[in-house]
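Presented below is the structure to which this report refers.
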């Protein structure tokens, strides 16, 4: 058996298999999207790889949750001076009491203002910001979906938003429904487009196999660059994507 790459799926987890001139199977989980890769000896068959991955499923899930580099909400104090992100740009938080309404305002001097009625506590401030993030992401989805549907050649029946701990996106193929992680609103728009394109490609090919990746190569030739950027635990200071393709 010659060296090369193979893509399999084990219990809903996409696994990249790379065969090398080594003696033992090696399993690795990459931050921050939980990508799983197995390095296997050249003559190892697929059943052996699947068996090894199946035996480590609990460990893989723990590692994916631990290594996700998305900002942790429980680490935020929502105090003035704290840094927050929006579309790849960093903003400094300021909090104001407003008797008439609550909301979020972005200023030209890179200030993110949270306006809250009364002396809002951390939980209330976070809820105001999350609601604004959700509104901002939802508002951008129709245009992005309309842009990518003719490229991928599929129709998305519905696109929803939710907070996910180990995935940037997912989809229900039968319902043609795409789910996107709310955290994507903090990333550059191209990162959002990459995840959307990835999930839309699943409407053509269910599994992470050679056909799936070949389709993505045609739709977005530099998708590996954007996937690599999502693996970075921290956004670059200028919000740009600076990583290079890993394959």
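Please treat every number below as a calculation from the coordinates, not as lab data. Note that the structure is a prediction, hence the values are computed from the model and not measured. Glycine gets a Cβ as well: all are built from the backbone with ideal geometry, and neighbour counts include every protein chain shown.
Which whole-number percent is the relative contact order of the chain (Cα, under 8 Å, 6+ apart)?
Averaging sequence separation for qualifying contacts and normalising by length gives 17 percent for the chain.
Quote the relative contact order of region 91-198 in percent (integer), defining contacts as alpha-carbon pairs under 8 Å separated by 6+ residues.
Computed over region 91-198, the figure is 18 percent.
Looking only at region 4-67, where both bridge partners belong to it, what percent of the DSSP beta bridges are antiparallel (to the nearest 5)?
Just about 65 percent of them are antiparallel.
Counting DSSP beta bridges with both partners in the chain, what percentage is antiparallel, nearest 5?
Roughly 60 percent of the beta bridges in the chain run antiparallel, per DSSP.
Using a/c under 1.5 as the rounded threshold, could you call region 112-160 rounded, prolate or oblate? The axes a ≥ b ≥ c are square roots of the C-alpha gyration tensor eigenvalues, and prolate needs a/b larger than b/c, oblate otherwise.
Cα axes put region 112-160 in the prolate bin.
So how do 96, 30 line up by other beta-carbon neighbours within 10 Å, fewest first?
96, 30
Using packing as a proxy for protection, rank 220-228, 41-49, 153-161 so that the peptide with the highest average count of other Cβ atoms within 10 Å comes first.
220-228, 153-161, 41-49
Percent of alpha carbon pairs in region 4-67 separated by more than 20 Å?
20 percent
In percent, what relative contact order does region 4-67 have, based on Cα pairs under 8 Å that are 6 or more apart in sequence?
With pairs under 8 Å counted, the relative contact order is 30 percent.
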